[in-house]
Structures are given as structure tokens and as C-alpha cells.
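The structure follows.
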Amino acid sequence: DQQVKQNSPSLSVQEGRISILNCDYTNSMFDYFLWYKKYPAEGPTFLISISSIKDKNEDGRFTVFLNKSAKHLSLHIVPSQPGDSAVYFCAASLGGYAGNNRKLIWGLGTSLAVNP
Amino acid sequence: ETGVTQSPTHLIKTRGQQVTLRCSSQSGHNTVSWYQQALGQGPQFIFQYYREEENGRGNFPPRFSGLQFPNYSSELNVNALELDDSALYLCASRKGLGEETQYFGPGTRLLVL
């Protein structure tokens, strides 16, 4: 049972345009969400996160939107650059504030290709 | 500040063998988690160590075991290797249990023949 779903395995956009990566989740107990970027042969790199008490978080070209009622979050990259080409993973975190047994539940990833 | 490092980068084993993977956490981080990422899948949580004790476990059998040392580095041990254990094994560290963001190493790619 996939609790975190990234329904688009791949996405292709032109350089300079907006990239929108989507993520849906099923467990309403998730209280923190993170996006990671992964290049081949490297470990995931943290990109941006959002707490469930917020609906938007922005960091430079990256913005994450959270719609709790729809159990949906999205990552917007504006403007997209060729160096953004990578696999993007959405991850959700579950656990008490003390962090006991807090673990990340991951989606399957979306491969983004930004074309020059 | 040194990031998370893992060794070895690649490993080939045969069924039934045992393997030990190593991870050095980022400086100042006392919590280490291990993940298994099969081809085409997202990472799956194996277990987490906090101050040398296991502090949470995913849906993996007991032949997956771990250790954390006083310097917060960690080992993942897998006994009686099976073909399905072939995967990328990722180690992630963070400053403490209350910290949300985990920082990942480059991973160890294990192939079981």
C-alpha cells in the first residue's frame, strides 16, 4: 500500500519555464513533508520541506504548496534550469514531536528533464 | 563540515553470505537511519539508531541488524543474503530525534548473485 504517491514517473519542461511536481498521500497523520532531489549514483539531497501547519514554503526558485484537505502537495521550480534535471522524491514524516520512531515514507519519484 | 559518508560504494556478494555496510554521520548528528532502495522504488525505512540504541524499525526481517558507535557512526549488517537484497542502501543522519531533515550519504550498491 503506497502511502505517498507520485503519479507522474517523468516530466519534461523547457528551460526557463515552470516545473510542477505533484505528490499525493493517504495518511492524514503525516505532519511533515520533504522534497529530495537525487542524481544518479548519489544519495538524495534535501531540497525543501513544509510542516503540516503551513500551506506554503518558499526557498529561492523552489516553492512547496500543501493542500491538507486534498492530501496533496506540489513542488514548483521557477525558472527551471538544466541542472535541475534529476529524480525528485516526495517524502512524508510520521511521528510525535519528540521524534520517537520518526521515519520517512517515500514516493517512487518523478524524473524531471529540463531541456535547454 | 563533513557530510555523510558510506563505504564501500559497491559490493558483490553471493546468496547466503553476510555483509556489513558502514556509515559515518555528519558532524554533530546523533541519529542515523538506514534505507533500502530497490530499482525503480523509493527508499524503504529499515531502522533508526539514536545514541547507540535502535529507535524504530521498518518492515524488515531480523537478519537485518545494525549498530551505532559512540562517535555515532553506524553499521548495517545483513545475514543470509537473498537475491532480493540487491539494492542501494542509504544512510541518513540528523541532529536529533526532533529534527525533521535527514541528510543522506551517497549509498552502497549491493548486488547479490
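Readers should treat all values here as calculations from the given coordinates under stated rules, not as data from a laboratory. Values in this document were obtained by computation on a predicted structure and should not be read as measured data. Quick reminder, even Gly has a Cβ in these numbers, built from the backbone with ideal geometry, and neighbours come from all protein chains shown.
Taking θ = phi - 60°, what integer Hz values does the Karplus form 6.51 cos²θ - 1.76 cosθ + 1.60 yield along region A:76-83, in sequence order, with x for Gly and Pro?
10, 10, 9, x, 6, 10, x, x
Now for a separate question. In whole Hz, what ³J(HN,Hα) sequence does region A:2-18 give by Karplus (6.51, -1.76, 1.60; θ = phi - 60°), x for Gly and Pro?
7, 7, 10, 10, 10, 7, 9, x, 8, 8, 10, 9, 7, 3, x, 8, 8
Which residues' amide hydrogens lie under 5 Å from the amide hydrogen of B:Leu97, considering only partners 5 or more residues apart or on another chain, with H built in the peptide plane?
none
While we're on this one: Return the loop-located GluC sites (Glu not before Pro) in region B:14-56 (DSSP other than H, G, I, E, B) with at most 15 other Cβ atoms within 10 Å of their own Cβ; answer none if there are none.
Answer by residue number: B:Glu52.
Let me ask something else. Taking only C-alpha pairs under 8 Å that are 6+ residues apart, what is the relative contact order of chain A in percent?
Worked out over chain A, it gives 36 percent.
Now for a separate question. In whole angstrom, and with the biggest value first, how far do the Cα coordinates of chain B range along each principal axis?
Over chain B, Cα extents along the principal axes are 38, 25, 25 Å.
Also: How high is the relative contact order of chain B, in percent, with contacts defined as C-alpha pairs under 8 Å that are six or more residues apart?
Answer for chain B is 37 percent.
Among A:Leu11, A:Ala41, A:Ser52, which residue has its Cα furthest toward the positive end of the charge dipole of chain A, with +1 on Lys/Arg Cβ and -1 on Asp/Glu Cβ?
Of A:Leu11, A:Ala41, A:Ser52, it is A:Ser52.
Give me a single rounded figure for B:50-56: the average over its residues of other chain Cβ atoms within 10 Å of their Cβ. List each step's numbers first, then the result.
Details: counts 3, 0, 0, 0, 0, 5, 6.
Mean inter-chain Cβ contacts per residue within 10 Å come to 2.
Any chance you could check the Cα centroid distance between region B:6-46 and region B:54-94 for me, in angstrom?
Cα centroid to Cα centroid, the span is 6 Å.
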